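Peer 1: One structure, as structure tokens, below. Some questions next.
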Amino acid sequence: MSKILIRGAKVLGGEAQDVLIDGETIAEVGTGLSAEGATVIEAEGKVLLPGLVDLHTHLREPGREDSETVLTGTRAAASGGFTAVFAMANTFPVADTAGVVEQVWRLGKESGYCDVQPIGAVTVGLEGKQLSELGAMHDSAARVTVFSDDGKCVDDAVIMRRALEYVKAFGGVVAQHAQEPRLTEGAQMNEGVVSGELGLGGWPAVAEESIIARDVLLAEHVGSRVHICHLSTAGSVEIVRWAKSRGIDVTAEVTPHHLLLTEELVRSYNAVYKVNPPLRTEADVLALREALADGTIDIVATDHAPHPHEDKDCEWAAAAMGMVGLETALSVVQQTMVETGLLDWAGVADRMSFAPARIGGLENHGRPVSAGEPANLTLVETSYRGVVDPAQFASRSRNTPYEGRELPGRVTHTFLRGRATVVDGTLA
Amino acid sequence: MKRHLISAADLTRDDAVLILDTAEEMARVADRPIKKLPTLRGLTVVNLFFEDSTRTRISFEAAAKRLSADVINFSAKGSSVSKGESLKDTALTLEAMGADAVVIRHHASGAPYRLATSGWIDSAVVNAGDGTHEHPTQALLDAFTIRRRLVGRDAGLGKDLDGRRVTIVGDVLHSRVARSNVQLLHTLGAEVTVVAPPTLVPIGVGSWPCEVSYNLDEVLPKSDAVMMLRVQRERMNAAFFPTEREYSRRYGLDGDRMAKMPGHAIVMHPGPMNRGMEITAQVADSDRCTAVEQVANGVSTRMAVLYLLLGGSEPAVATGNAPAPAASRPSPATTPERGAERRPFDAEESK
Ligand SMILES: [Zn+2]
């Protein structure tokens, strides 16, 4: 493989340096590196990050290839600067057996745009009743370590307890979609002033917070670690902060959309804003940003949830929940965290690469940008300003809440083990 | 007025008063031997009902027909539309049919708003009740009824409901009638109180322009109008209240409670009534109860809404000669249909 010299990039937002890639590896990091025999990428003014890692992606294959496939989803991921994504288990069939997770893993290998690490379902069919063969999924070629019934909550306290305990045998972690099901029957949006006015069924904050409170206590009791998906309320932040202060082994994620958007958008009844958990209030948004900055929330995860146009172009109650997010995640984080002064680029590298790789147990992602490390890298033009145009997405779906919105920054290059998957903002 | 009527919040105080005044003119027409006006001749009003409501549909149908519009009833319940076929496809079909106004009833909150704003259709949209969101024409007919009874038929013209105390009792949480009424009655200057068990009041009600009480007996003596909402018996299965009997005892209106109301105060109900649940037969059948009047007033009010949305700014029922019809708008009526000039291409089939 040939050599690539990335010249003058601000590594993790710091001093300008040259980074020489040789084959699949970073050969050298320094100043004034020789360009001999290398393709040169002039990166002056750009920020170089470790390849981004998304712990929460819905790739939809198998089963809903009309909305996304592993190939289109990993192309979208590469466009957004990701080099690894964790594929959620709520496919058709559900990824609750070694066979299905190996299929997804193999499709990821074939795509070549981004590493795909399958997540296994905690319970058979996501039904919350019987544990899936968690060990078999871990022992499969897919080496599953993250388990989640995402889309549904593992609401039975005993099943949750057993799952937390069981995966300790192989260093696994359960990622909980925290949603008390009885409190959210018929729920359509955040419960509060706006739901009362719009006459839409309420999804109260307490339905999330009560499950998180229970699960951190369960994790403490059985000495396991637990990961909380898409934290969305100020109250959830307080509970996780308290749990961490007690030494409970809990990690948490926040989505880009919960860092930027509020329930006020639902007044349009435009289903592109329908998502689960729902958009919350301004106070929640500010609390989530602060928690991501101070480390209470460990990572940003996209919850990239593609849906075909017809599932969104309808009345609110009939519409599917979810938003695509891979191709806009970094821009939203730049706007909400970097440009507000809450996080520097080293912080972004931690929340979007180092920490998610560590939580998910990926050894070759989320590594420092230094000699000898795998060349998984993302180059960002932070001075860029552009209006989001869904027609340009690599994802098969277009259900973005940011259409027509100006967002900062764009990924110009992504490298997966030394191979450029994105060059000058275009998929290679 | 705006092009559509989606929410009671779309109406200013002056819009609302204009509708009520126009409805009074329409009601006078109903007293004539020939009840029809040629005002909307040649225009098509589609009643698009995704949810059964014979009462509301026939009210809109009568209103449109008295204005000589062509009426198409599109009942989506039970057809392919109720499950699976999208609102969008239905809208495109109606657009192709040349609907001038679409009166929509839908089980999903926000469906009329989507219909009006998504660019699928050009016609005026009238919300005839969407999910648990709003039912603005019900609120208008309620306001009309209150003004007539408490201010007077002629004395009320040009007036709002300034200072009138209206109490709305029952399942506010699930009631589109309550949402529209709180908004509209507030716009018209009334003082609104909602009364319900706390389980049936929405979170966030604190931002509504009304008072909230859990105690009906305290509020009744201070009410000029008491509006009883229909309470579905099934709600007790979701633990909103323990039993029907308990609900009736605490929040139902019976003769003893009605006696606590001021002598001039009226009892209202949007119908259909659950006799024995939120209202006893004694109250429902008393002459203080306006339920039947509300039905008649509904037709006049909906005539006014359709006229003002489709007919424009001319007076609906003038006393002088007819002004020349505008090219793109129907001319307002000047006389009942018998005296009106008939044009050769008037469609008659659905009258
Ligand atoms: Zn989820």
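The values are calculated or read from the model by the stated rules, or taken from the named source; none is laboratory data. Given the structure is predicted, the values throughout are model-derived calculations rather than measurements. Note that each Cβ is placed from the backbone with ideal geometry, even for glycine, and that neighbours are counted across all protein chains shown. What goes into the accessible areas is simple: the full protein's heavy atoms, side chains included, and nothing from ligands, DNA or RNA. Shrake-Rupley method; radii C 1.70, N 1.55, O 1.52, S 1.80 Å.
Peer 1: Given 5 Å bins starting at zero, what is the percent of C-alpha pairs of region A:263-338 in each, up to the one with the largest pair distance?
Peer 2: Values per bin, smallest distances first: 3, 14, 20, 24, 20, 11, 6, 2.
Peer 1: Before I look further, what does chain B give for accessible area per residue, probe 1.4 Å, in whole square angstrom? Don't skip to the end; give the middle numbers.
Peer 2: Numbers: 14190 Å² over 351 residues.
Counting only protein heavy atoms, the per-residue value for chain B is 40 Å².
Peer 1: With the radius of gyration and the Kirkwood radius both derived from the Cα set of region B:136-294, what is their ratio Rg to Rh?
Peer 2: On the way: Rg = 14.6 Å, Rh = 15.5 Å.
The Rg/Rh ratio comes out at 0.94.
Peer 1: Compute, for chain B, the length of the dipole vector about the Cα centre, with Cβ point charges of +1 (Lys, Arg) and -1 (Asp, Glu) only. Units Debye, rounded to 20.
Peer 2: Working: 43 positive and 43 negative charges, 69 e Å.
Result for chain B is approximately 340 debye, rounded to the nearest 20.
Peer 1: Between the chain alone and the structure with every protein chain in place, find the residues of region A:179-200 that drop at least 30 Å² of accessible area; heavy atoms, 1.4 Å probe.
Peer 2: With the partner chains in place, region A:179-200 has these residues losing at least 30 Å²: A:Glu191, A:Val193, A:Gly196, A:Glu197, A:Gly199.
Peer 1: Does any residue of region B:156-204 lose at least 20 Å² of accessible area with all protein chains in place compared with its chain alone, and if so which ones (probe 1.4 Å)?
Peer 2: Listed by number, the residues meeting the 20 Å² cut-off are B:Arg179, B:Ile203, B:Gly204.
Peer 1: Please compute the modelled spin-label separation between B:Arg3 and A:His221, points set 7 Å along Cα→Cβ, answer in nm with one decimal.
Peer 2: Between A:His221 and B:Arg3, the label points sit 5.9 nm apart.
Peer 1: Given A:His177, A:Ser148, A:Gln188, which one lies farthest toward the positive end of the charge dipole of region A:125-194, if we put +1 on the Cβ of every Lys and Arg and -1 on the Cβ of every Asp and Glu?
Peer 2: Among A:His177, A:Ser148, A:Gln188, the one farthest towards the positive end of the dipole of region A:125-194 is A:Ser148.
Peer 1: What accessible area, in Å² to the nearest ten, does a 1.4 Å probe give for A:Val40?
Peer 2: 60
Peer 1: Right, next: Among B:Tyr113, B:Ser175, A:Val29, whose Cα sits farthest toward the positive end of the charge dipole of the protein assembly as shown (+1 at Cβ of Lys/Arg, -1 at Cβ of Asp/Glu, about the Cα centre)?
Peer 2: The Cα lying farthest towards the positive end belongs to B:Ser175.
Peer 1: Let me ask something additional. Chains B and A: how much accessible area gets covered up at their contact, both sides added, probe 1.4 Å, in Å² to the nearest hundred?
Peer 2: Summed over both sides, the interface buries about 1400 Å².
Peer 1: For chain A, what proportion of DSSP beta bridges, expressed in % and rounded to the nearest 5, is antiparallel?
Peer 2: That works out to approximately 50 percent antiparallel.
Peer 1: Right, here's the next one. Please list log₁₀ I(q)/I(0) at q = 0.13 Å⁻¹ for region A:52-360, using the Debye equation with identical point scatterers on the alpha-carbon positions.
Peer 2: -0.88
Peer 1: Counting only protein heavy atoms and a 1.4 Å probe, tell me what percentage of the protein assembly as shown's accessible area is made up of carbon and sulfur.
Peer 2: 49
Peer 1: Could you order A:Trp105, B:Trp120 by accessible surface area, starting with the largest, using a probe radius of 1.4 Å?
Peer 2: A:Trp105, B:Trp120
Peer 1: Of the options A:Gly322, A:Ser224, A:Ala293, report the single residue whose Cα projects farthest towards the positive end of the charge dipole of region A:218-337 (beta-carbon charges: Lys, Arg +1; Asp, Glu -1).
Peer 2: Among A:Gly322, A:Ser224, A:Ala293, the one farthest towards the positive end of the dipole of region A:218-337 is A:Ser224.
Peer 1: Quick one: check the C-alpha center-to-center distance for region B:245-278 versus region A:97-149, whole angstrom.
Peer 2: About 60 Å separates the Cα centre of region B:245-278 from the one of region A:97-149.
Peer 1: For the protein assembly as shown, what is the mean residue ellipticity at 222 nm derived from helices alone (per DSSP H run of n ≥ 4: -39500 (n - 2.57); sum divided by total residues; nearest 500 deg cm²/dmol)? Display every interim value, and only then the final one.
Peer 2: On the way: 23 runs with 222 residues, N = 779.
Counting only the DSSP helices, I get -8500 deg cm²/dmol.
Peer 1: Share of antiparallel DSSP beta bridges in region B:78-220, in percent to the nearest 5?
Peer 2: 5
Peer 1: Dipole of the protein assembly as shown, Cα-centred, from +1 at each Lys and Arg C-beta and -1 at each Asp and Glu C-beta, to the nearest 20 debye?
Peer 2: Taking the Cα centre of the protein assembly as shown as origin, the dipole is about 2140 debye.
Peer 1: Check the straight Cα-Cα distances from B:Lys36 and name the lysines below 20 Å, setting aside those fewer than 8 residues away within the same chain.
Peer 2: B:Lys65, B:Lys351
Peer 1: Among the DSSP beta bridges whose two residues both lie in the protein assembly as shown, what percent are antiparallel, rounded to the nearest 5?
Peer 2: Among the beta bridges of the protein assembly as shown, antiparallel pairing accounts for roughly 30 percent.
Peer 1: Separate question: Which Rg and Dmax, in Å, describe the Cα atoms of the protein assembly as shown?
Peer 2: Cα radius of gyration and Dmax of the protein assembly as shown are 31.1, 100 Å respectively.
Peer 1: Please report the accessible area of B:His174 (heavy atoms, 1.4 Å probe, ligands and nucleic acids excluded) in Å², nearest 10.
Peer 2: Counting only protein heavy atoms, B:His174 exposes about 50 Å² to solvent.
Peer 1: With every protein chain present, what is the per residue accessible area of chain A (1.4 Å probe, Å²)?
Peer 2: 35
Peer 1: So what is the diffusion coefficient of chain B in µm² per second by Stokes-Einstein at 4 °C and 1.567 mPa s, using a Kirkwood Rh over Cα pairs? Could you put the intermediate results ahead of the total?
Peer 2: On the way: Rh = 20.8 Å.
This corresponds to a translational diffusion coefficient of 62 µm²/s.
Peer 1: Of the residues B:Ser248, B:Ser118, B:Ser213, which exhibits the maximal mean-square fluctuation in a Gaussian network model of chain B defined by a 10 Å Cα contact cut-off?
Peer 2: B:Ser118
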